[in-house]
Amino acid sequence: MSILSWIVFGLIVGAVAKWVVPGAAPLGCLGDIVVGILGAFIGGWLFHVFGHQGVTSFWNWHSWVCAIVGAVVLLWVARLISGRRHAV
(Lines give C-alpha, C1' and ligand atoms only; values in the text may rest on other atoms or scores of the structure.)
Protein backbone atom coordinates (compact mmCIF):
# COMPACT_ATOMS: atom_id res chain seq x y z
CA MET A 1 0.00 0.00 0.00
CA SER A 2 1.13 3.56 -0.60
CA ILE A 3 1.80 6.04 2.18
CA LEU A 4 -1.51 7.82 1.51
CA SER A 5 -3.37 4.51 1.69
CA TRP A 6 -1.73 3.72 5.05
CA ILE A 7 -2.73 7.16 6.40
CA VAL A 8 -6.36 6.80 5.29
CA PHE A 9 -6.42 3.19 6.48
CA GLY A 10 -4.92 4.22 9.82
CA LEU A 11 -7.39 7.06 10.30
CA ILE A 12 -10.39 4.83 9.70
CA VAL A 13 -9.05 1.91 11.76
CA GLY A 14 -8.02 4.24 14.60
CA ALA A 15 -11.48 5.83 14.67
CA VAL A 16 -13.18 2.43 14.75
CA ALA A 17 -10.88 1.22 17.54
CA LYS A 18 -11.55 4.39 19.54
CA TRP A 19 -15.26 3.74 19.12
CA VAL A 20 -14.92 0.08 20.22
CA VAL A 21 -12.75 0.71 23.30
CA PRO A 22 -14.73 2.74 25.86
CA GLY A 23 -13.41 5.89 27.45
CA ALA A 24 -12.04 9.22 26.37
CA ALA A 25 -8.69 9.29 24.61
CA PRO A 26 -7.33 12.80 24.02
CA LEU A 27 -5.14 11.75 21.10
CA GLY A 28 -6.91 13.67 18.37
CA CYS A 29 -6.92 12.88 14.67
CA LEU A 30 -3.16 12.40 14.42
CA GLY A 31 -3.22 10.03 17.39
CA ASP A 32 -6.03 8.03 15.77
CA ILE A 33 -3.96 7.68 12.61
CA VAL A 34 -0.93 6.51 14.59
CA VAL A 35 -3.01 4.05 16.62
CA GLY A 36 -4.59 2.74 13.41
CA ILE A 37 -1.28 2.26 11.59
CA LEU A 38 0.46 0.71 14.59
CA GLY A 39 -2.64 -1.37 15.20
CA ALA A 40 -2.43 -2.70 11.65
CA PHE A 41 1.15 -3.82 12.28
CA ILE A 42 0.23 -5.35 15.65
CA GLY A 43 -2.84 -7.04 14.18
CA GLY A 44 -0.77 -8.41 11.31
CA TRP A 45 1.76 -9.80 13.75
CA LEU A 46 -0.95 -11.31 15.99
CA PHE A 47 -2.72 -12.94 13.08
CA HIS A 48 0.60 -14.26 11.75
CA VAL A 49 1.42 -15.78 15.16
CA PHE A 50 -1.90 -17.67 15.04
CA GLY A 51 -1.26 -18.90 11.49
CA HIS A 52 -3.37 -16.43 9.50
CA GLN A 53 -2.53 -13.83 6.90
CA GLY A 54 -1.96 -10.25 8.10
CA VAL A 55 -2.75 -6.92 6.47
CA THR A 56 -2.35 -7.28 2.71
CA SER A 57 -4.33 -4.53 0.99
CA PHE A 58 -6.71 -1.64 1.49
CA TRP A 59 -9.62 -3.42 -0.24
CA ASN A 60 -9.36 -6.76 1.56
CA TRP A 61 -11.94 -7.22 4.36
CA HIS A 62 -9.56 -9.55 6.22
CA SER A 63 -7.00 -6.71 6.37
CA TRP A 64 -9.59 -4.43 7.94
CA VAL A 65 -10.52 -6.98 10.61
CA CYS A 66 -6.86 -7.68 11.31
CA ALA A 67 -6.01 -3.98 11.65
CA ILE A 68 -9.03 -3.19 13.82
CA VAL A 69 -8.20 -6.08 16.17
CA GLY A 70 -4.63 -4.82 16.44
CA ALA A 71 -5.72 -1.23 17.08
CA VAL A 72 -8.21 -2.32 19.75
CA VAL A 73 -5.51 -4.38 21.46
CA LEU A 74 -3.14 -1.40 21.27
CA LEU A 75 -5.68 1.01 22.80
CA TRP A 76 -6.64 -1.48 25.51
CA VAL A 77 -3.00 -2.06 26.51
CA ALA A 78 -2.23 1.68 26.40
CA ARG A 79 -5.14 2.45 28.71
CA LEU A 80 -4.20 -0.44 30.98
CA ILE A 81 -0.62 0.88 31.27
CA SER A 82 -1.63 4.50 31.69
CA GLY A 83 -3.87 3.55 34.60
CA ARG A 84 -6.74 5.74 33.45
CA ARG A 85 -10.08 4.35 34.40
CA HIS A 86 -13.08 5.75 32.55
CA ALA A 87 -16.72 5.09 33.11
CA VAL A 88 -18.55 3.42 30.25
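The values are calculated or read from the model by the stated rules, or taken from the named source; none is laboratory data. Keep in mind the model is a prediction, meaning the values are calculated, not measured. Cβ: placed from backbone, ideal geometry, glycine included. Neighbour counts: every protein chain shown.
Quick notes
- Check on residue 39, part of a helix (DSSP H, G or I), modelled with pLDDT under 80 and under 14 Å from residue 14 (Cβ atoms): no
- Complete set of residues in region 1-34 that are at pLDDT below 75 and in a loop (DSSP other than H, G, I, E, B): 1, 2, 22, 23, 24, 25, 26, 27
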